[in-house]
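> One structure, pasted below without further comment.
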Number of protein chains: 2
Amino acid sequence: MCGGDGPHSYVRNSSYQKAAIECAKGKIKEAVLEKLDLFHMRSDLSTFKVADFGCSVGSNTIDTIQNIIETVKLKYQQRNIKIPQNHLEFHVFFNDKLNNDFNSLFKNVSRSIYKHCFIVGVPGSFYDRVLPRNTINIGHTSYALHWLSKVPQDVCNKKSSAWNKDSIVCSDLVEEVSNAYKVQFKKDMGDFLGAREEELVPGGLLIMSGMYLPNSVPMAHTWKGVAIDMIGDCLVDMANSGILSKEKVELFSLPLYFPHMSELEVVKQNERFSIEVFERVIHPMEGLPLTNDFIASLYRAVFHGLIEEYFGDGVVDELFDRYATKLATCSIDFQSRDKVLQYFIVLKHNVH
Amino acid sequence: MCGGDGPHSYVRNSSYQKAAIECAKGKIKEAVLEKLDLFHMRSDLSTFKVADFGCSVGSNTIDTIQNIIETVKLKYQQRNIKIPQNHLEFHVFFNDKLNNDFNSLFKNVSRSIYKHCFIVGVPGSFYDRVLPRNTINIGHTSYALHWLSKVPQDVCNKKSSAWNKDSIVCSDLVEEVSNAYKVQFKKDMGDFLGAREEELVPGGLLIMSGMYLPNSVPMAHTWKGVAIDMIGDCLVDMANSGILSKEKVELFSLPLYFPHMSELEVVKQNERFSIEVFERVIHPMEGLPLTNDFIASLYRAVFHGLIEEYFGDGVVDELFDRYATKLATCSIDFQSRDKVLQYFIVLKHNVH
């Protein structure tokens, strides 16, 4: 993600994610009120601990955490739970990868912090353990699990039949490429759940929002697939103009993957969590027109860091100038393409 | 502090602090082995929680934390404490002010992290609460408490008799200035202990290293006092050259204060902690020659951020060029000046 708060920053260009999070707010509130069982949670109730896994730097994580905190407070009131001689305190754990801009995150969070609420930053991949056992009462992750722990190895291997030569994303048009991504997704989701299982207290909730595809729809047929493919086309154009190495472009794939519905079964197979909610939510921006400006800003903010890391400094400006031009000249009707769908899942860590 | 790892960064110019921390290592080990009472600590022993308050960005905090972790492990072995079916895990809380460079800290820490040890960053002034109640088993602070929460108000007030017009530090030569700093120090130390009292579990240890002056010695007579006064002289020179505003220089004082021995009584007066250790330690660099280069590098790294924040960008280079020249031409024998002394204090949070 692009840190700071400049015109191309994630914080100023995450309205799509924000809309999705707004939509999830009501669902989260409902889930916490219905599913959080304070009396059977094995945990000291005087400090309630919440973590956001893959928080990035911006206002989305703050809104979500505030929503959870307010709902938990309400739940304490409803259950008439009093902390003797004291206030209920919250400990909030903001997790993201080591290269996340935690300095910006802390500055953003500090402006909107609650009383009796203490925040910390947790650097590290959420596909590993990042917190001690039995730390968290509610874990949350939103629009983060489509970022794999890495690009599947074979996808960047010239000698492999899974080499993703002609695309920068899993288009679902080449079976070997899809299989490589599927294997990675399954491993990653298993690792994520395994780590969270240890970090959550028994009775704790894990709330997950993310994106998936209907079983019959390849990524290449969705508006996101088409839009991302066009970034790949621009990279190829830059290679043809001699600005980038052709080989480097051919070996580039994103660690990004939207699973098909059937692949989400891996969530259900984990025996240490019970499934409390498992449903599709409608993205509130699904009906809105997807303008070229919106798409260009969105993907610039999202891919900036990855592209700079792989291709080096100075590529991003040129790439997204070309991207804006291509979007304008191709005049694709993104609205008519297939949609990427959203899941909302709530798991409860079983009390043994 | 100057973040990052460039030539003027704190991380590359904190050898003085490092030497002091090396010296404290043995003392910390001794204190943890002798004073930590695992059986009477009101806390889940499967996760041991350590915090460093005022950690900055560098290797000093990492060395200290590793020392504490190794000693706690040894203590668990000695007491034959086993965590059923699991390993002992550590949760380490690195605290510093919001403007600390946590991104650099995380990168530095991630290179030397232990297995079963989870780290978080805690932004916020340690003169306030920064963690929930009953979080920490061992709290530590080293060479941080001489940074006051703020410059005492009257010291920067032209109309006050405590206006510190002719110095940038509390030289102890003007009684009203000294009193203003004394009041602020007492309040700050009280706030620090009050906050830690809540954050430490009953039975938890608070380990404090820092600097003080013998009752009879004014700051102006110590090598640090002389060296810092010379920075003030350079600021005045820059004002006289028209580079800085004269008024701005006259209104500048550092939020820095070394208490006299008698002022440390405030630590003993807190009834919620028992005094386990309260002693002077000899700084291992006390006998070494204090070279001009060393002094210039030390204070550039330490004051960089404060000076830039107050006077704006571009002042630091010029100031420390002038400082190096002044140090060279004045040829002061720093070695012959009075020394700032070091305290090592261990408190135990009373079990009620």
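> Taking only pairs six or more apart or across chains, which ones have beta-carbon atoms under 7 Å, a first residue in region A:59-77 that is among the aliphatic types (A, V, I, L, M), and a second residue that is part of a helix (DSSP H, G or I) and modelled with pLDDT under 95?
What qualifies is A:ILE62/A:ASN108; A:ILE62/A:VAL109.
> Tell me which residues, restricted to region B:88-101, are more than 9 Å from chain A (Cβ to nearest Cβ) and surrounded by fewer than 23 Cβ atoms within 10 Å (Cβ to Cβ).
B:LEU88, B:LYS97, listed by residue number.
> Being surrounded by fewer than 16 Cβ atoms within 10 Å (Cβ to Cβ), closer than 19 Å to A:HIS146 by Cβ and within 22 Å of the chain's Cα centre (by Cα): is that true of A:SER262 here?
Numbers: surrounded by fewer than 16 Cβ atoms within 10 Å (Cβ to Cβ): yes; closer than 19 Å to A:HIS146 by Cβ: yes; within 22 Å of the chain's Cα centre (by Cα): yes.
Criteria met by A:SER262.
> Determine if region A:289-297 includes at least one residue that is surrounded by fewer than 17 Cβ atoms within 10 Å (Cβ to Cβ), at pLDDT 95 or above and not charged (D, E, K, R).
No, every residue in region A:289-297 fails to be surrounded by fewer than 17 Cβ atoms within 10 Å (Cβ to Cβ), at pLDDT 95 or above and not charged (D, E, K, R).
> If you don't mind, another one. Within region A:69-87, does at least one residue satisfy the condition of being touching a helix residue (DSSP H, G or I) at 6+ places or on another chain (Cβ under 9 Å) and either within 13 Å of chain B (Cβ to nearest Cβ) or closer than 21 Å to B:PRO123 by Cβ (or both)?
Looking only at region A:69-87, we keep the residues that are touching a helix residue (DSSP H, G or I) at 6+ places or on another chain (Cβ under 9 Å), and these are A:70-72, A:74-76, A:78-79, A:81-83.
From what's left, either within 13 Å of chain B (Cβ to nearest Cβ) or closer than 21 Å to B:PRO123 by Cβ (or both): A:83.
Taking every residue of region A:69-87 in turn, at least one turns out to be touching a helix residue (DSSP H, G or I) at 6+ places or on another chain (Cβ under 9 Å) and either within 13 Å of chain B (Cβ to nearest Cβ) or closer than 21 Å to B:PRO123 by Cβ (or both).
> Can you tell me how many residues within region A:81-140 are touching a strand residue (DSSP E or B) at 6+ places or on another chain (Cβ under 7 Å), free of Cβ contacts under 8 Å to residues at least 12 places away in the same chain and not β-branched (Val, Ile, Thr)?
1
> Taking the conditions exactly as written (touching a Leu at 6+ places or on another chain (Cβ under 7 Å), at pLDDT 95 or above, closer than 29 Å to B:ASN134 by Cβ and within 13 Å of another protein chain (Cβ to nearest Cβ)), does A:GLY139 satisfy them or not? Even if it seems obvious, please write down each step before you answer.
Numbers: touching a Leu at 6+ places or on another chain (Cβ under 7 Å): yes; at pLDDT 95 or above: yes; closer than 29 Å to B:ASN134 by Cβ: yes; within 13 Å of another protein chain (Cβ to nearest Cβ): no.
It is false that A:GLY139 is touching a Leu at 6+ places or on another chain (Cβ under 7 Å), at pLDDT 95 or above, closer than 29 Å to B:ASN134 by Cβ and within 13 Å of another protein chain (Cβ to nearest Cβ).
> Please specify each residue of region A:240-259 satisfying the condition of being over 17 Å from the mean Cα position of the chain (by Cα) and surrounded by 17 or more Cβ atoms within 10 Å (Cβ to Cβ). Even if it seems obvious, please write down each step before you answer.
At the first step, the residues of region A:240-259 found to be over 17 Å from the mean Cα position of the chain (by Cα) are A:240-253.
Matches in region A:240-259: A:LEU244, A:VAL249, A:GLU250, A:LEU251, A:PHE252, A:SER253.
> Next question. Being within 14 Å of chain A (Cβ to nearest Cβ), within 30 Å of B:SER104 (Cβ to Cβ) and modelled with pLDDT of 95 or more narrows it down to one residue among B:VAL169, B:VAL151, B:VAL130; which is it? Reasoning before the result, please.
Working: B:VAL169 fails: within 14 Å of chain A (Cβ to nearest Cβ); B:VAL151 fails: within 14 Å of chain A (Cβ to nearest Cβ).
The unique qualifying residue is B:VAL130.
> Please work out if A:GLU309 is under 21 Å from the mean Cα position of the chain (by Cα), surrounded by fewer than 17 Cβ atoms within 10 Å (Cβ to Cβ) and assigned to a helix (DSSP H, G or I). It would help to see each step written out before you state the result.
Working: under 21 Å from the mean Cα position of the chain (by Cα): yes; surrounded by fewer than 17 Cβ atoms within 10 Å (Cβ to Cβ): yes; assigned to a helix (DSSP H, G or I): yes.
In short, yes.
> Scan region A:102-118 for residues that are at the interface with chain B (Cβ under 7 Å from one of its Cβ atoms) and hydrophobic (A, V, I, L, M, F, W, C) and jot them down.
Matches in region A:102-118: A:PHE102, A:PHE106, A:PHE118.
> Right, next: So the check is Cβ under 6 Å with 6+ separation or different chains; which pairs have a first residue in region B:46-57 that's of a type in the set (Lys, Arg) and a second one that's assigned to a strand (DSSP E or B)?
Qualifying pairs under 6 Å: B:LYS49/B:HIS91; B:LYS49/B:ILE136; B:LYS49/B:ASN137.
> Would you check if there is a residue in region B:57-68 being within 13 Å of another protein chain (Cβ to nearest Cβ), under 18 Å from B:ARG196 (Cα atoms) and not aromatic (Phe, Trp, Tyr)? Step through it out loud before you land on a result.
Going through region B:57-68, the residues within 13 Å of another protein chain (Cβ to nearest Cβ) turn out to be B:57.
Add one more test, that the residue is under 18 Å from B:ARG196 (Cα atoms), and what stays is none.
No, every residue in region B:57-68 fails to be within 13 Å of another protein chain (Cβ to nearest Cβ), under 18 Å from B:ARG196 (Cα atoms) and not aromatic (Phe, Trp, Tyr).
The values are calculated or read from the model by the stated rules, or taken from the named source; none is laboratory data. Treat the numbers as computed from the prediction; the structure is a model and nothing was measured. Glycine gets a Cβ as well: all are built from the backbone with ideal geometry, and neighbour counts include every protein chain shown.
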